[in-house]
Structure formats: C-alpha cells, structure tokens
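The values are calculated or read from the model by the stated rules, or taken from the named source; none is laboratory data. What you are looking at is a predicted structure, and each value in this text was computed from that prediction instead of being measured. Every residue, glycine among them, receives a Cβ derived from its backbone with ideal geometry; neighbour counts consider all protein chains shown.
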Amino acid sequence: MAHAAAAAAVYLLIEGTLGVAGAIALVALGAAAAWSRALLAAAGSVRAIELGATEPVFELANGARVAAAVAARRYVTRHLVALPLGGELRRTLLVSADMLSPQEFRRLRLWALWNRLPGVAPKQLAA
C-alpha cells in the first residue's frame, strides 16, 4: 500500500511520461517487495526450522537446508519471536503466533528464551 500511495503522489506531482513511468516503477517495486518478503515466495524464504542440534537448521523454499547460528539477543513475546540469524542467512527471522500451532509456537518461544527444548524428566519416562 505504501508503494501505491507513493506512485499516486509521483503521478500527481510529475506531469507527462516521466510521471507515469515513475508511478509504474514504484508499483512494480512494491509488488516485487511483497512477493519476496511478505508472501515468502522467494527461493531464500525460510519454510521450516529444525531445533535440537547445536545450531538450528533452516529449510528454505528452494529446498536447501542451512545451519545458522542465532544471536544471543532475541525478541520473544507471546505474539512474536524475532531471531537474528548469522552465517549464510544474515537476516532476522520473524515468526508470529498464527504461523504455527499454539503448542509449536510455545516450544519455539521456550527455545528462543532458554536455548533448550522442553523435555521430560528421566524418572517420568520410566513411569
């Protein structure tokens, strides 16, 4: 929507072919940004996270699996988890509560806070 508003402003402020071309370019830029980021349709978009190893493994949309370190400073609330990724990915991964089932989102939040997955005590397993 921001790109469309900027395109309308350019179209109104700049007369002639240059204004039309600028407006079209801004709308195209907005569509490209939405496609690669908001819609997670880019080949490098994260589709799955495997926790449990020393470094989590991220499965990308193109099928590649990349192990990447997660920075110690993480943002965790009951609605959002932000994971700053290092290594090859070099981005911040945002996961909102409605992207996962409630139980899986809880596990992700616990892992992000304590760097461990919840487990069962050995004495409880024997029972």
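Kindly indicate whether Ala41 is closer than 29 Å to Ala2 by Cβ, among the small types (Gly, Ala, Ser), within 12 Å of the chain's Cα centre (by Cα) and loosely packed, with under 14 Cβ neighbours inside 10 Å.
Details: closer than 29 Å to Ala2 by Cβ: yes; among the small types (Gly, Ala, Ser): yes; within 12 Å of the chain's Cα centre (by Cα): yes; loosely packed, with under 14 Cβ neighbours inside 10 Å: yes.
Spelling it out, Ala41 is indeed closer than 29 Å to Ala2 by Cβ, among the small types (Gly, Ala, Ser), within 12 Å of the chain's Cα centre (by Cα) and loosely packed, with under 14 Cβ neighbours inside 10 Å.
From the list Gly44, Gly19, the one residue that fits, being without any contact (Cβ under 8 Å) to a residue 60 or more places away in the chain and either assigned to a helix (DSSP H, G or I) or in contact with a Lys or Arg (Cβ under 7 Å, 6 or more places away or on another chain) (or both), is Gly19. Scanning the stretch 25-84 for residues that are modelled with pLDDT under 90 and aromatic (Phe, Trp, Tyr) yields a count of 1.
For Ala31, the criteria (1) free of Cβ contacts under 8 Å to residues at least 40 places away in the same chain; (2) surrounded by 14 or more Cβ atoms within 10 Å (Cβ to Cβ) hold in every case but one, which is (2).
Filter the stretch 54-86 down to residues that are charged (D, E, K, R) and surrounded by 10 or more Cβ atoms within 10 Å (Cβ to Cβ) and give me whichever is farthest from the chain's Cα centre (by Cα). Per the stated criteria, the residue is Glu55. Out of Arg65, Arg78, one residue alone is assigned by TED's automatic domain parsing to the domain that holds Ser101, touching a strand residue (DSSP E or B) at 6+ places or on another chain (Cβ under 8 Å) and under 21 Å from Ala112 (Cβ atoms). It is Arg65.
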